[in-house]
Amino acid sequence: MVLEKDLILLKQDIEKMVAEKQQELNNVVLKYGLRSKEALYTSQELDIMINQVMKEKALT
C-alpha cells in the first residue's frame, strides 16, 4: 500500500524534525541559558511542532 508507506515515511520525517528541534533547543540552552531569547523561541517552535503532531495523531 503506497499510502501506508507514505504515512510511515511522513511520520519518520516528523519525528526526525522534532528530534532535531529538541537538539537545537538543548544546544541553545547550553550555550545561552534556559531563559535566553533564543531558547524561548526554539522552545516555542518545538511546542508548535509537538502540538501539530498530537493533533494529527488525534485525527487518525
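Results, tabulated for the structure shown:
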{"read-out": "Test: residue in segment 12-21 that is of a type in the set (K, R) and surrounded by 11 or more Cβ atoms within 10 Å (Cβ to Cβ)", "value": "yes"}
{"read-out": "Candidates V29, V18 - the one that is β-branched (V, I, T), touching a residue at least 24 places away in the same chain (Cβ under 8 Å) and not in a loop (DSSP other than H, G, I, E, B)", "value": "V18"}
{"read-out": "Hits in segment 22-45 - residues which are among the polar types (S, T, N, Q) and either touching a Gly at 6+ places or on another chain (Cβ under 9 Å) or open to solvent by 90 Å² or more (accessible area, probe 1.4 Å) (or both)", "value": "Q23, Q44"}
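The values are calculated or read from the model by the stated rules, or taken from the named source; none is laboratory data. The model shown is predicted, which means the values in this text are computed figures rather than measured ones. When we count neighbours, we look across all protein chains shown, and the Cβ atoms used for this are built from the backbone with ideal geometry, even at glycine. Accessible surface is based on the protein model in full, side chains and every heavy atom, while ligands, DNA and RNA are left aside. Shrake-Rupley method; radii C 1.70, N 1.55, O 1.52, S 1.80 Å.
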